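The values are calculated or read from the model by the stated rules, or taken from the named source; none is laboratory data. Keep in mind that what you see is a predicted model, and the values were worked out from it rather than measured. Quick reminder, even Gly has a Cβ in these numbers, built from the backbone with ideal geometry, and neighbours come from all protein chains shown. Note: areas computed on protein heavy atoms with side chains; ligands, DNA, RNA excluded. Shrake-Rupley method; radii C 1.70, N 1.55, O 1.52, S 1.80 Å.
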Amino acid sequence: MKMAYLLHLTLAILLLATATRGDYSSDEIALLASIRNNTSVDVRPIQNTVVTSTILLFALNDVNIGSETMSLSGALVVLWNDPRLMWDPASAGGIQKIVVNTKYIWKPPLVIENDINSAAVLGSDGTPLRVFPNGEVVWSPPFSTTSSCSADITYYPYDKQTCSLTLVGWSYTTDEVDLLTDPNSPFEMKYFTNNGEWEMLGTGYEYINVTQGDMTFRKLVFKVTVRRQWQFYGLNIMLPLILNSILMMVVFALPIESGEKMGYCLTVLLSYIVLLTMIAANLPPISSQTSIIQVYLSVVMCVSTAGTLCTIVVLRLYHQDEAKPVPPWLQKVTQSFLSPLACLTCTSNRVVSLNGKKTSPKRGYSSKEIAHILDKFLFRIFGTFMTVMTIGFVLSLMSNYF
């Protein structure tokens, strides 16, 4: 008897659950039928429909300054109110919310205007909407978009970029569909995944009204500010650049007798050309802006070229025939200008008078001595210039980054 009682009780519970599911299904079908009869996909809810849009951001896929694009993945959370969709939960089986296909009710035709791949209306794949008894509609079409982004290359590779995603309500004026966002939270970041190259600094928004005749259309511009992380570029660009600058500074410290000065100069010059080519390949071919690092490399290449020409002069003087006299003007320039700036301390080319003052010997300087003096003079000039320019270059990049 006990087993039979338990069996009957189980069957009664199953039948009750089945009946409940059937009642709910019937209520939802009836509610959907009522919604379809009371609304139209072609007619907006009211004269001035307020549509609020925010971005649920999943990932910053890439910011490519070479092609001037930004790639984002996320979902657009769109809210509006449609009085035609209201119902009384008590008379609809207690239904508190319902999911409706977009082909049955009106939704705003939203387009990402600066998408470089396509300008299709969002949600064309039939992303469903969630409707509540008070007529509130929540629609969250997912997107993965690559939008145009005007790059600022001035401080590359320690640059910050502000890119935008422009949303427009296609064909509707501001009097018909008022496109807004949450001023306190235009982006929702709780599901955001960090990018390995770019650090997210901040988000924002802007309204742009475009007037055509007596009609005004609104653009909702979502802004993302990112900063490039420095570690990779510090090791692969900045460190080789600074090391090459040091090599350029010590070119005149190499003894003339070694016979390697000319080859050394050309090697350093070629290394700068390779670095400039690598950096230029990662930058957009625009003329409105110039990167500090490009200016630095260009100046260094000019200095390196000048250093190569000066090395040729030094070697030519050093290997000049000793029997050939040194021109008087060169003797005068060496005695009055080059020798004091080279800070020579050797006494082989100086004599001391009775009053203790150093004077030039009557015989003057030989061509080999002039070559050594010029070599030391150029080492000080090139070393000072490269040191000051490199320090200024690094500080200018770091000041923008931090």
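Roughly how many nanometres apart are two label points built 7 Å out from the Cα toward the Cβ at VAL210 and ASN184?
According to this spin-label approximation, the distance is 3.2 nm.
Ranked from highest to lowest mean number of other Cβ atoms within 10 Å per residue, what is the order of the peptides 111-124, 60-73, 323-336?
Highest to lowest by the protection proxy: 60-73, 111-124, 323-336.
What accessible area per residue comes out for the chain, rounded to a whole number of Å², with a 1.4 Å probe?
54 Å²
Hydropathy first: keep DSSP H helices in the chain averaging at least 0.0 on Kyte-Doolittle, then drop any whose Cα extent along the axis falls short of 20 Å, and list what survives.
Flagged H segments are 2-38, 261-281, 292-318, 367-401.
Can you work out the FRET efficiency for the pair GLU260 and VAL333, with r the C-beta to C-beta distance and R0 = 22 Å, to the nearest 0.05?
0.20
With r as the distance between the Cβ atoms of PHE385 and THR267 and R0 = 25 Å, compute the FRET efficiency 1/(1 + (r/R0)^6) and round to 0.05.
Between THR267 and PHE385 the formula returns 0.80.
How many nm is it between the label spots at ASP175 and SER396, if each spot is 7 Å from the Cα in line with the beta carbon?
5.3 nm
Given R₀ = 30 Å, what would the calculated FRET efficiency be for GLU322 paired with ILE246, taking r from the Cβ atoms and rounding to 0.05?
According to the calculation, E is roughly 0.30.
What ranking of ARG227, ARG36 comes out by heavy-atom accessible area, probe 1.4 Å, highest first?
Greatest to least solvent exposure: ARG36, ARG227.
Roughly how many debye, to the nearest 20, is the charge dipole of the chain about its Cα centre, given +1 on each Lys and Arg Cβ, -1 on each Asp and Glu Cβ, and no other charges?
Here the size comes out at about 2200 debye.
Taking the Cβ of ILE292 as the centre, find all other residues whose Cβ is under 13 Å away and add up their charges (Lys, Arg: +1; Asp, Glu: -1).
Net charge around ILE292: -2.
Between their Cα atoms, which of LYS190/LYS223; LYS261/LYS376; LYS103/LYS190; LYS261/LYS332 are more than 24 Å away from each other?
Checking Cα-Cα distances, LYS103/LYS190; LYS261/LYS332 exceed 24 Å.
Once you have the alpha carbon radius of gyration of the chain, what is it after dividing by 2.2 N^0.38 Å, with N set to its residue count?
It is 1.77.
Of all accessible surface on the chain at a 1.4 Å probe, what whole percent is carbon and sulfur?
Looking at the chain in its full context, I get 61 percent from C and S.
Work through the residues other than MET70 whose Cβ is under 12 Å from its Cβ and net out their charges, Lys, Arg +1 and Asp, Glu -1.
Charge balance near MET70 sits at -2.
For the chain, what does -39500 (n - 2.57) per DSSP helix run (n ≥ 4), summed and divided by total residues, give at 222 nm, in deg cm²/dmol to the nearest 500?
Rounded to the nearest 500, it is -12000 deg cm²/dmol.
Going toward the positive end of the dipole of the chain, with +1 on Lys and Arg Cβ and -1 on Asp and Glu Cβ, which of MET238, SER118, LEU254 do you reach last?
Most positive-ward Cα: LEU254.
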